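The values are calculated or read from the model by the stated rules, or taken from the named source; none is laboratory data. Everything numeric here is computed off the predicted structure, so don't read it as measured data. A quick note on method: Cβ atoms are made from the backbone with ideal geometry, for glycine too, and the neighbour counts reach across all protein chains shown. For accessibility, only protein heavy atoms count, side chains too; no ligands or nucleic acids. Shrake-Rupley method; radii C 1.70, N 1.55, O 1.52, S 1.80 Å.
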Amino acid sequence: MASSASLMVLALLMASITAIAEARAFFIFGDSLVDSGNNNYLETTARADSPPYGIDYPTGRPTGRFSNGLNIPDLIGKQIGLSESPLPYLSPDFNGKKLLLGANFASAGVGILNDTGVQFVNILRMYRQLELFEEYKRRLSGLVGTRQANRVVSQALVLITVGGNDFVNNYYLVPFSARSRQYSLPDYVHFLISEYRKLLMKLYKAGARRVLVTGTGPLGCVPAELAMRGNNGGCSQELQRAASLYNPQLVQMINGLNAKLGRDVFISANTQKMHNDFVSDPQAFGFTTSEIACCGQGPYNGLGLCTQLSNLCPNRDRYAFWDPFHPSEKANKLIVGQIMTGSNEYMNPTNLSTIIAFDSKI
């Protein structure tokens with residue numbers, strides 16, 4: 001017969017599980033903009049597990065986030081009231097009550113297409129991220145039962161950030177790439193959107209009911225592209241054209257999906273406009289530059305990787321870009337601010353704060 005002490009411990013555990021379950025879980029899918037460290041556990045070159053990554057993170061140490069500090073999932077998690085960020089799914093610490101907070105499945109280097117990021121070899125491609133989500137649901141059911149697990153998933157917030165690599169690390173990776181020989185740019189964008197639609201429907205069929213979908217940033221204006229393809233200090237016109245074709249079609253596709261489903265499951269974030277605001281007028285947002293990366297080397301600090309041998313700026317808050325491709329923590333805060341409270345110029349059909357307030361009344 002169980003002792004009263006062990007029964008008390010069990011009761012306390014169940015009470016804490018119930019309390020966590022009352023908070024909204026958060027699931028993250030996508031690429032390096034939202035990877036919180038899954039690639040640390042994979043044999044790949046697409047990783048951020050060495051200094052100076054994480055220099056402004058609370059621990060001051062690299063975590064696998066492609067940031068000087070907090071990334072977009074960290075900041076959204078705080079806004080929706082999570083006590084801590086969901087762990088990378090591959091983390092050995094991801095077990096027990098941690099499952100109730102949600103999980104991060106994102107993996108640096110991936111794209112919508114399976115052939116994107118082949119040079120990074122062993123990364124969690126989108127089909128694999130969705131497989132791991134199914135595995136997660138089975139683990140969660142074992143912890144709290146199937147009915148409660150389904151409830152956690154259906155009431156969760158989901159973030160998916162993917163698509164930029166399909167241009168940077170696929171179509172435009174090398175001159176005359178296989179995909180650029182196969183498709184004109186407009187046809188490639190159409191193909192990407194149709195494949196992305198399939199991914200979003202798989203998320204819906206897996207139980208997701210609130211999915212935040214971000215577009216690409218201004219692909220041609222990141223320091224890496226200024227260094228490699230820029231035109232006399234100007235952005236790469238070809239990559240900017242790609243972003244300007246892709247992002248409106250993404251919104252159109254999401255509107256069509258919501259109409260088909262008869263509810264606003266998918267929320268689109270115009271991250272291109274969010275980035276463009278501080279890229280075009282960095283001083284208005286407290287940045288000294290939106291062209292030069294804080295960490296890197298070569299023109300615009302845009303060549304190669306951010307390492308301990310790279311140039312490193314002393315004040316990260318003055319730089320819109322942390323490394324050749326990724327925003328600084330301060331830029332991430334600006335982006336999340338617009339996701340939470342931005343107008344319809346930025347968020348469609350409405351911002352996340354409005355969605356959360358609406359959901360709390362249901």
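Key figures
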| quantity | calculated |
| --- | --- |
| Cα gyration tensor category, rounded, prolate or oblate, for segment 206-343 with a/c compared to 1.5 | prolate |
| Accessible solvent surface per residue of segment 42-164, calculated while the other protein chains remain in place, 1.4 angstrom probe, Å² | 40 |
| Fully extended contour minus Cα-Cα distance, from Gln237 to Ser280, at 0.36 nm per residue | 14.0 nm |
| Cβ-derived FRET efficiency at R0 25 Å, Asp93 paired with Arg147, nearest 0.05 | 0.40 |
| Accessible-area composition of segment 175-285, carbon plus sulfur, in percent [1.4 Å probe] | 50 |
| Spin-label proximity, Asp359 to segment 265-292 - amide N less than 14 Å from point 7 Å beyond Cα toward beta carbon | 265-268 |
| Highest-fluctuation residue, Pro248, Pro349, Pro52 considered, GNM on the chain with Cα pairs under 10 Å | Pro248 |
| Magnitude of the charge dipole, the chain, Cβ model with Lys/Arg +1 and Asp/Glu -1, debye to 20 | 1060 |
| FRET efficiency, 1/(1 + (r/R0)^6) with R0 56 Å, evaluated for Ser83 and Tyr183 via beta carbons | 0.80 |
| Cut-off under 5 Å, modelled amide H: who pairs with Phe27 long-range | Ala103, Leu157, Val158, Leu159 |
| GNM result for the chain, Cα springs below 10 Å: residue of Ser236, Ser343, Ser290 fluctuating most strongly | Ser343 |
| Listed peptides 97-110, 66-79 by packing density, highest first (mean Cβ within 10 Å) | 97-110, 66-79 |
| Debye log10 I(q)/I(0) for the chain, one point scatterer per Cα, at q = 0.09, 0.10 Å⁻¹ | -0.48, -0.60 |
| Potential extension, Arg197-Thr307 segment - 0.36 nm per residue separation minus Cα distance | 35.9 nm |
| Cα point-scatterer Debye curve for segment 293-359, base-10 log of I(q)/I(0) at q = 0.15, 0.21 Å⁻¹ | -0.58, -0.77 |
| Segment 29-172 - charge dipole about Cα centre, Lys and Arg +1 at Cβ, Asp and Glu -1, debye rounded to 20 | 580 |
| Extended-chain gain in nm, criterion 0.36 nm per residue less alpha-carbon gap, Arg263 and Asn122 | 47.1 nm |
| Straight-distance crosslink candidates among lysines, where the alpha carbon sits under 17 Å from Lys137 and sequence neighbours closer than 8 are dropped | Lys97, Lys98, Lys202, Lys205 |
| Under 18 Å from Lys273, Cα to Cα: lysines that are on another chain or at least 8 residues apart | Lys330, Lys333 |
| Positive-end extreme of charge dipole, the chain - chosen from Leu200, Leu226, Ile292 (charges on Cβ) | Leu200 |
| For segment 22-360, share of DSSP beta bridges that run antiparallel, in % to the nearest 5 | 30 |
